[in-house]
Amino acid sequence: MDIFVEQLVKKKHGPKDYAIIAAAIIGTIIIVFLSLRVPLFTFFIWLAVFFVAYYLIASRNLEFEYSVTNGSITIDKIINRSKRKQVLTVDAHEIEEIGKFRPELIKEKPNFKPCFVSEYDSGKDAWYFCAHTTKNGNMLVVFSPESKTMEAIKPFIPRQVAFVAFGRN
């Protein structure tokens, strides 16, 4: 029987997002006022500045799509509901460790590159898994799966890893 599960997670704005949005707005206002001194190119300057500000603000609207297909986990990033970028693909058999995320894990696993694809930047209420990918090397992936996504991953992870993470279920 084939297993296919998809889940869409909207990333909540954090302090970094609000800082980027505020900087874009303040920068736009400052450049608009400074450009008033150059009347010849004012329209083109404003057009460019508003385009850059819109792009910066819109790029903070992120969603992550988790797809589990017969043990293959694919995570895509969707920017402003218009542009899709694949973040990673990993075979669940390659997962070395899985569990509830704790911020200390980043320091405990210096050989693993952290990849936050969860609802919150801080990893609040998130899970993690450590795996080796051919494209990115050792990855510590922090994600926010629903129970149906976790149930689709469980049968494909190594038995010992599943036992440590979930017990005898």
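The values are calculated or read from the model by the stated rules, or taken from the named source; none is laboratory data. Fair warning: this is a prediction, and the values are worked out from it, not measured in the lab. Here the Cβ is made from the backbone with ideal geometry for all residues, glycine too, and neighbour counts use every protein chain on show.
Computed quantities for the displayed model
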read-out	value
Unmet requirement for SER122, which otherwise passes all of (1) more than 19 Å from the chain's Cα centre (by Cα); (2) farther than 17 Å from LEU88 by Cβ	(1)
Those residues of region 127-168 which are in contact with a Lys or Arg (Cβ under 8 Å, 6 or more places away or on another chain) and not in a helix (DSSP H, G or I), in sequence order	TRP127, TYR128, CYS130, ASN136, GLY137, ASN138, MET139, LEU140
Enumeration of residues in region 100-123 that are out of contact with any Lys or Arg (no Cβ under 9 Å at 6 or more places or on another chain) and assigned to a loop (DSSP other than H, G, I, E, B)	ARG102, PRO103, GLU104, LYS109, PRO110, ASN111, PHE112, SER122
ILE31 being among the β-branched types (Val, Ile, Thr) and modelled with pLDDT under 90	yes
Single residue of ARG81, ARG60 found to be at positive phi and not aromatic (Phe, Trp, Tyr)	ARG81
Every residue from region 125-163 that is at pLDDT below 85, surrounded by 13 or more Cβ atoms within 10 Å (Cβ to Cβ) and more than 16 Å from THR74 (Cβ to Cβ)	VAL161, ALA162
Residue in region 10-21 that is at pLDDT 90 or above and β-branched (Val, Ile, Thr) present	yes
Selected residue [surrounded by 14 or more Cβ atoms within 10 Å (Cβ to Cβ) and touching a Phe, Trp or Tyr at 6+ places or on another chain (Cβ under 9 Å)] from THR74, THR89	THR74
Boolean, THR42 is without any contact (Cβ under 8 Å) to a residue 24 or more places away in the chain and touching a Leu at 6+ places or on another chain (Cβ under 8 Å)	yes
